[in-house]
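Okay, so here's the structure we're looking at.
The values are calculated or read from the model by the stated rules, or taken from the named source; none is laboratory data. On a predicted model such as this, the values are computed, not experimentally measured, just so you know. Methodologically, a virtual Cβ is constructed for each residue, glycine included, from the backbone with ideal geometry; neighbour enumeration extends over all protein chains shown. Side chains are part of the model used for accessible areas, which takes the heavy atoms of the whole protein and leaves out ligands, DNA and RNA. Shrake-Rupley method; radii C 1.70, N 1.55, O 1.52, S 1.80 Å.
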Amino acid sequence: LLTAQTLQQEGYRIREAENGRIAMASVRDKLPDLILLDVMMPEVDGFAFCGWLRAQPPFQRVPVLMMTGLEDADSIRRAFECGASDFIAKPINWPVLAQRARFLLRASQALEALAASQASLAEAQRIAHLGSWSLDHASGALTWSEEVFRIFEQDPADFAGSLEGLLASVHPEDRERLQRAFWGSVWKRREYDLVHRLLLPGGAIKWVHERGLTEYTPAGDPLRSMGTVQDITERRESEATIRFLSLYDSLTGLPNRSLFDEQAQRAIPLAQRRGTQLAILHLGLDRFLRVNESLGHTAGDSLLCQTAERLLNGLRACDCVARDRPPGAEVELARWGGDEFAVLLQDLHNPDDAARVAARLVTELAQPYRIGGHEVTLGASIGIALYPGDGACAADLTANASTAMRHAKRHEPGSYHFYAPAMNAHARVRLALESDLRRALERGEGLRLHYQPQVDRTGGLRGVEALVRWRHPELGLLEPDRFIPLAEDTGLIIPLGDWVLREACAQMRAWRDLAYPPLRVAINLSPAQFRHKSLVEDILAALAAARLSGSDLEVELTERQVMEDAAGGRGVLEALHDAGVHLAVDDFGTGYSSLSYLSFLPLDVLKIDRAFVRDTLTVPGQAAIVRAIIALAGSLSLSVVAEGVETEAQAAVLWREGCDAMQGYLYDRPLPADVLERRWLRAATPPAALVLRTLRATAG
Ligand code: C2E
Ligand code: CA
Ligand code: CA
């Protein structure tokens, strides 16, 4: 009663329990801030109650003040053993009781706060995968935070708590490094910072980042070292992924251009020291773009992967590649980008070795590929540059290998070429020409069309073929052979082709407006134009802009082009045919055609190639071939135009065999529009001499 009164006066709120059992229920009901406990109680005494209390986790930290009349050492010891926080002996000094209570409450609050901060520290360590440790130098005892145990995957019960215990978990190859770093830092009084591996009980490897520092006694002896351990395994793994992504091609898994460059740069000083040669092979697929466009990108991707596979196999099969490979030279093949690959050959004693590898790869890639039920043949061209002959640094070598590859591609696809300095001179000229052509197209300067007449059996004008010319500011008038291939390689063929189309249509409109009889104009389409998405639209737009109809236009595609693009381009041909545009197969007879294709495409005209016409009279059997072509055309209801007709004798044979029209120097050269107008249109009928010639030829 007195206790309660004293404390109430001090402002405490009091709950009383008359024995241990009731106290248990009361504590469960609501946890008090402080328990004052008498030892001598009926039923459950103070010791038993305190023991019970401490066994219940939620009550473990409540301060318990034992009030005992038994002021002997034994009961005080028992009180503390049961978990009492303090004791006070009877008779009780009341003013002191209130102070004791206050002190105990404050101590318990401090303990609460400490426990909370330790818990949040442990939580923070867990989240950061960052543990802390400390080492007492006098005793050699090492203490770890919970997180260190987790990182080391150790059971706190098994841990020896010493440096040796720690080293047992460190990867054997890293132990010495760690010891050197740690003791070095202790003696040199510097922090240390180290990344090393752990070898975990299960055999797994973890990466950790350790930092530490040491405190010293006033005499300068090490007192305590402490530090942190952070698990950086995940970070290292993502770094490795990033490195992989930045140095390897994700499609084929081959090294990419940057890694290849690194390897090549490293290989050069090595070759220099060993006095051996080194070769860089630059490889480009020959028909990849077309396949990619017609079969789709998934097929394209699969082709590239198959190519990578074949190249790896091909390289493995070349013994000169495997022989004496210097360390670090494992990267030999890289994807350069797009449909291009690069190979680094080291330790060559003879350039022939590079040629052998190139030949092997070319053969390997010439085999047909199977892809989604299709059989596709690609082929590859390779350029080779040698160190030291073709360049002193990796950049020069790769650039020269690439020049040589382009040279091979242009002149002899499916072959390999060694780099020659002349190629660079050639490349420079092309580059200059390219920028001139670009400028000409932008400004519409220097380009013009010539028109070559096509003459029918009556000597009348069947139509004209538009042939482009370029008046170059320095080089003078250029024939299309000088700049069409360049325009095709650089993509300029698209704007150039569009210019030709519009110019030809505009000219037809102008002549129509002058009331000349309607004339059909034929234009040549390059493969890239034919594959260009908006071709049909562009053609219809140009016709509409000139108020012409589809049948005023004829487009010429080479025989090779028609065959190679037949499957993919059929829709385009049909759309043009539906618009009334005539379709002509140019350079026919050069040996690409499949007859079944011809009958399945909506074609109108076959143009017999110049070479046939030239040889009709001189090469035995040629006339029979021409006859067969004409018969074939007849059976497919196609009309036949012979091109490159230069002599009357040729014309005579061709008319006799049944050609429908002819084009060639015999009749006229490709002419500027005004000349054609004067000679062929204004006369309303062809020049009299020509009519005579035509009649004679027909009679002959
Ligand atoms: P092609 O379509 O076979 O054009 C016929 C070529 O034969 C023209 O050469 C023409 O001048 C020439 N030729 C005409 N008659 C005779 C003859 O009796 N004897 C000889 N030996 N040759 C004759 P050109 O104008 O130099 O054109 C060459 C090639 O350039 C053309 O061959 C065509 O493939 C391409 N080309 C010309 N203009 C264009 C164009 O606007 N666009 C595209 N994509 N290609 C064009
Ligand atoms: Ca043509
Ligand atoms: Ca031709």
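Results, tabulated for the structure shown:
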| item | result |
| --- | --- |
| Tally of residues being within 44 Å of the chain's Cα centre (by Cα) and in a helix (DSSP H, G or I) across the stretch 167-188 | 12 |
| Of residues in the stretch 96-139 being modelled with pLDDT of 90 or more and in contact with a Gly (Cβ under 9 Å, 6 or more places away or on another chain), the one surrounded by the most Cβ atoms within 10 Å (Cβ to Cβ) | L135 |
| Residue within the stretch 429-441 that is farther than 20 Å from C659 by Cβ, without any contact (Cβ under 8 Å) to a residue 12 or more places away in the chain, more than 32 Å from the chain's Cα centre (by Cα) and open to solvent by 40 Å² or more (accessible area, probe 1.4 Å) present | yes |
| Complete set of residues in the stretch 524-559 that are open to solvent by 50 Å² or more (accessible area, probe 1.4 Å) and either of a type in the set (D, E, K, R) or within 14 Å of ligand 2 (Cβ to nearest atom) (or both) | N524, R531, K533, E537, R547 |
| Qualifying positions in the stretch 317-339 - surrounded by fewer than 18 Cβ atoms within 10 Å (Cβ to Cβ) and modelled with pLDDT of 80 or more | G337, G338 |
| Inter-residue pairs, beta-carbon under 7 Å, first surrounded by 12 or more Cβ atoms within 10 Å (Cβ to Cβ) and assigned to a helix (DSSP H, G or I) and in the stretch 1-24, second at pLDDT below 90 and of a type in the set (F, W, Y), 6+ apart | T6/W94 |
| Residue pairs meeting the criteria (Cβ under 6 Å; at least 6 apart or on separate chains; first under 17 Å from A628 (Cβ atoms), in the stretch 592-603; second at pLDDT 65 or above and of a type in the set (D, E)) | Y592/E559; S593/E559 |
| Subset of the stretch 617-643 (residues that are assigned to a loop (DSSP other than H, G, I, E, B) and within 16 Å of ligand 3 (Cβ to nearest atom)) | L638 |
| Checklist (1) open to solvent by less than 60 Å² (accessible area, probe 1.4 Å); (2) under 23 Å from I14 (Cβ atoms) applied to K90, failing item | (1) |
| Residue count for the stretch 602-625, restricted to those that are within 14 Å of G658 (Cβ to Cβ), more than 16 Å from ligand 1 (Cβ to nearest atom) and within 52 Å of the chain's Cα centre (by Cα) | 1 |
| Output for the stretch 465-485, where each listed residue is away from ligand 2 (no atom under 16 Å from the Cβ) and either small (G, A, S) or open to solvent by 50 Å² or more (accessible area, probe 1.4 Å) (or both) | R471, P473, E474, L475, G476, L477, R482 |
| Number of the condition not met by V626 [criteria: (1) over 18 Å from E554 (Cβ atoms); (2) open to solvent by 20 Å² or more (accessible area, probe 1.4 Å)] | (2) |
| Residue among L496, L492 that alone is in contact (Cβ under 8 Å) with a residue 24 or more places away in the chain and closer than 25 Å to F588 by Cβ | L496 |
| Single match in R502, R457, R462 (criterion: on the phi < 0 side of the Ramachandran plot, among the basic types (K, R), surrounded by 15 or more Cβ atoms within 10 Å (Cβ to Cβ) and within 41 Å of the chain's Cα centre (by Cα)) | R502 |
| Every pair of residues 6+ apart whose Cβ atoms lie under 6 Å, when the first sits in the stretch 567-587 and is within 16 Å of ligand 2 (Cβ to nearest atom) while the second is open to solvent by 40 Å² or more (accessible area, probe 1.4 Å) | D586/T558; D587/T558 |
| Any chance V619 is at pLDDT below 90, more than 16 Å from ligand 2 (Cβ to nearest atom), more than 19 Å from S637 (Cβ to Cβ) and not aromatic (F, W, Y) | yes |
| Given (1) assigned to a strand (DSSP E or B); (2) open to solvent by less than 70 Å² (accessible area, probe 1.4 Å); (3) farther than 17 Å from G131 by Cβ, number of the condition H209 does not satisfy | (3) |
| Count - residues of the stretch 580-614 that are more than 20 Å from D456 (Cβ to Cβ), within 15 Å of ligand 3 (Cβ to nearest atom) and either at pLDDT 80 or above or open to solvent by 60 Å² or more (accessible area, probe 1.4 Å) (or both) | 6 |
| Selection from the stretch 649-674 of residues that are modelled with pLDDT of 95 or more, under 19 Å from Q622 (Cβ atoms) and not hydrophobic (A, V, I, L, M, F, W, C) | Q663, G664 |
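Conditions (1) open to solvent by 50 Å² or more (accessible area, probe 1.4 Å); (2) within 26 Å of C305 (Cα to Cα), marked per residue:
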{"position": "D347", "(1), (2)": "no, no"}
{"position": "A354", "(1), (2)": "no, yes"}
{"position": "A380", "(1), (2)": "no, yes"}
{"position": "T398", "(1), (2)": "no, yes"}
{"position": "F418", "(1), (2)": "yes, no"}
{"position": "H426", "(1), (2)": "yes, no"}
